[in-house]
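Engineer: Please read through the structure below; I'll follow up with questions.
The values are calculated or read from the model by the stated rules, or taken from the named source; none is laboratory data. Model, not experiment: these values are computed from the prediction. Cβ coordinates were reconstructed from backbone atoms using ideal geometry, including for glycine residues, and neighbour counts include every protein chain displayed. For accessibility, only protein heavy atoms count, side chains too; no ligands or nucleic acids. Shrake-Rupley method; radii C 1.70, N 1.55, O 1.52, S 1.80 Å.
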Amino acid sequence: MSTEVNPAPGHDYSDVSLSPWWESIQDNILTLPLCQSCKRFHFYPEPFCPHCGSGELSAGKITGKGTLYSFTIVHRAPSAAFKDDVPYVLGVVKTQEGPHLMARIECDAADKLQIGLLVHFKCLKSSPHASAALYPVFVLT
Ligand SMILES: [Zn+2]
């Protein structure tokens, strides 16, 4: 997985990185960019706050709790690295803090999943297709 941010016209993303986010994941902590001016979280990392425009941003720890906003069951591996993982659930979680995150949803019975279910963040150890030792998932609460 690339940690590079795709540049958008008119914005300087040279100082924006997902490295702090991945580093906190390795400590089993979920963080999101937090604006020091308006105290609101956002995701994806930006060089400025999308709510108020401030450039005073830091990594803020979040609860890791949220609700399942959307999901799909992936039956066809997007690359050979995922061939042993299918089928798996890929979902969008609305965090308690507001931002939506896309991640794997770990569950025993995907047919029981419903929009609105409570989920929480968890780190899983070593994925064969991730460069990091831990990677984030959400599990049912
Ligand atoms: Zn702000």
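Engineer: Express the accessible area of the range 22-141 per residue in Å², computed with a 1.4 Å probe while the remaining protein chains stay in the model.
Structural biologist: 58
Engineer: With all protein chains present and a 1.4 Å probe, how do THR95, THR72, THR67, THR141 order by accessible area, largest first?
Structural biologist: Putting THR95, THR72, THR67, THR141 in descending order of accessible area: THR141, THR72, THR67, THR95.
Engineer: To check my understanding: the extent here is largest minus smallest coordinate of the Cα atoms along each principal axis. What are those three numbers for the range 65-140, in Å, largest first?
Structural biologist: If we take the Cα atoms of the range 65-140, the spans are 33, 27, 19 Å.
Engineer: So how far apart, in nm, are the two label points at SER54 and VAL74 if each is 7 Å from Cα heading toward Cβ?
Structural biologist: 3.6
Engineer: Give me the percent of accessible area attributable to carbon and sulfur for the range 22-135, probe 1.4 angstrom.
Structural biologist: C and S atoms contribute 52 percent here.
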